[in-house]
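Structure, as structure tokens:
The values are calculated or read from the model by the stated rules, or taken from the named source; none is laboratory data. Values in this document were obtained by computation on a predicted structure and should not be read as measured data. Don't worry about glycine lacking a Cβ; one is built from the backbone with ideal geometry, like all the others, and counts go over all protein chains shown. Ligands, DNA and RNA are excluded from the accessible area calculation, which covers all protein heavy atoms including side chains. Shrake-Rupley method; radii C 1.70, N 1.55, O 1.52, S 1.80 Å.
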Amino acid sequence: MLLRRFARPLFASSFVQQGVDAVRNPAAHVEVARGALERVTASVPRGKVPALDRYREPTPGQLTTLVRVHGAATALAGVAFALGRAPRTSALLLAALTAPLAAADLPAKKGTHVGGPDAARERRAHLLRTLSATGGALLAAADYAGRPGVSWRLARFRDDHAHVPAAIAAKVPGRD
């Protein structure tokens, strides 16, 4: 459909731009990631999740690498979606990659806002933009583009082969 041909690149453009920005200029993204990690580690007691304990205090290099890898994955998934290459898979990947960004933008508890009410308002607006992008990616992942899904194909296969008599099925070569 012609609409998808234009809508996919338009939708993917912000993901590609954010991903490229994270790869090229990771410093601002690293600060957001550090703040999100601090909020997560503060809410989970030590020893509760052993895998998290190893990453409670990452080095700046580790966070920079993580931000760049996440940015590159986001940009690549956005380009794949824009080009229509595995659009449902790439849209689902975009939604999965955007979910941690939404978690990073969750508002802090009342009275603990860093930067005052304006910073809290901007963070809330960014959270809503991230959530709407995640929702859009989930909708795109559910778009079959007029083609049948795997469940329909499987049901059709079962229906087509349901009439095969058991005697014939038993004589299939390789089945002893």
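Tilt of helix 2-24 relative to the longest C-alpha principal axis of the chain, in degrees (0 to 90, nearest 10)?
Computed tilt is about 40 degrees.
With +1 on the Cβ of every Lys and Arg and -1 on the Cβ of every Asp and Glu, and nothing else charged, how large is the dipole of the chain about its Cα centre, in debye rounded to the nearest 20?
240
Quick one: length gained pulling residue 118 to residue 54 fully straight, 0.36 nm per residue minus the C-alpha distance?
Between residue 118 and residue 54, full extension yields an extra 19.6 nm.
Enter the accessible area per residue of the range 121-164 (Å², integer; probe 1.4 Å; all protein chains in place).
76
To the nearest 10 degrees, how steep is helix 87-104 against the longest Cα principal axis of the chain, on a 0 to 90 scale?
30
Taking loop as defined by DSSP and a crowding limit of 12 other beta carbons within 10 Å, which trypsin sites (Lys or Arg not before Pro) in the range 42-142 fit?
Sites meeting the loop and neighbour criteria: 46, 48, 54, 85, 109, 110.
Net charge within 10 Å of residue 84 by Cβ-Cβ distance, Lys/Arg positive one each and Asp/Glu negative one each, not counting residue 84 itself?
Overall, the nearby charge balance is +4.
What distance in nm separates the two pseudo spin-label positions at residue 158 and residue 14, each 7 Å out from Cα along the beta-carbon direction?
With each label point 7 Å from Cα toward Cβ, the separation is 4.0 nm.
Report the extension gain between residue 103 and residue 3 in nm, rounded to one decimal, defined as 0.36 nm multiplied by the number of residues separating them, less their alpha carbon distance.
32.8 nm
Extension gain residue 143-residue 62, at 0.36 nm per residue separation less the Cα-Cα distance, in nm?
25.5 nm
Using a 10 angstrom Cβ neighbour count of at most 14 plus a DSSP loop assignment to flag exposed chymotrypsin sites (Phe, Trp or Tyr not before Pro), which longest range of the chain is free of such sites?
Value returned for the longest uninterrupted segment is 56-143.
Ignoring any ligand, DNA or RNA, what whole percent of the accessible area of the range 1-138 comes from carbon and sulfur when the probe is 1.4 angstrom?
Result for the range 1-138: 66 percent of the exposed heavy-atom area is carbon or sulfur.
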